[in-house]
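Note sheet for the following structure.
The values are calculated or read from the model by the stated rules, or taken from the named source; none is laboratory data. Worth saying up front: this structure is predicted, and the values here are computed from it rather than measured. Every residue, glycine among them, receives a Cβ derived from its backbone with ideal geometry; neighbour counts consider all protein chains shown.
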Amino acid sequence: MGQFVDLIVILALALNFVALAVSRVRTLIHAVAVQGIILGLLPIVMHGPGIHEILLSVGTVLIKGIVIPNLLFHALREVNIQREIKPLVNFIASLVLGAIGTGLAIMFSGALPLADEHAGLLLVPASLATVLTGFLILTTRQKAIVLVLGYLILENGIFMFGLLLLEAMPVLVEAGVLLDLFTAVFVMGIIIHHINRAFDSLSTEHLAELKE
């Protein structure tokens with residue numbers, strides 16, 4: 001089990017670096033979708049094919065890997081943007097910061113009081129690194145649709161960490177993760193729509209015009 005879990009989280013970590021390195025929004029959506037799909041396999045791989053695990057896996061793959069990416073592709077066609085042109089931190093620096101954050105996550109996770117079956121897995125450091133990656137995108141990108149993707153990556157990290165509690169609180173983890181994700185994307189979709197309608201642009205620098 002541990003080898004398969006580590007393989008999945010290594011792929012998720014690799015997609016974090018893809019997300020930090022690319023400027024094309026369409027490629028970023030694909031990376032987040034693939035990350036959501038492979039993370040959807042974790043509940044079954046970690047805890048076995050129980051009913052809760054299967055439902056969580058199917059729901060995660062559908063929402064993270066299919067429904068939300070298709071909504072974002074639709075939004076991308078509507079607003080007609082292709083790239084993040086002027087990030088606050090350039091892509092090379094973002095990769096360096098992502099690598100540093102991943103290293104710090106590995107170091108910090110070793111000090112956490114984990115259960116014996118979780119202590120040897122890469123799941124915890126990978127979840128922390130994914131949260132940091134999402135936070136980095138949220139704080140350094142300007143296109144609102146890219147900020148949505150940053151939030152999704154951040155939530156993927158929370159999802160990975162939450163799987164450690166699946167046996168103790170299965171229904172709470174399933175409902176909380178999926179409902180929070182759907183609600184956040186729905187709200188961000190409304191924000192994207194109103195920003196584009198008001199300013200004919202999705203750059204958050206125009207939000208300064210909303211000040212009184």
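Observations
- Selection of first residues in the stretch 41-57 that are within 19 Å of Asn156 (Cα to Cα) and of second residues that are surrounded by 14 or more Cβ atoms within 10 Å (Cβ to Cβ) and aromatic (Phe, Trp, Tyr), restricted to Cβ pairs under 9 Å at least 6 apart or on distinct chains, gives the following pairs, ordered by first then second residue: Leu42/Phe159.
- Among the residues listed as Ile85, Ile10, Ile54, Ile38, the single one being at pLDDT 90 or above, of a type in the set (Val, Ile, Thr) and either in contact with a strand residue (DSSP E or B) (Cβ under 7 Å, 6 or more places away or on another chain) or loosely packed, with under 15 Cβ neighbours inside 10 Å (or both): Ile10
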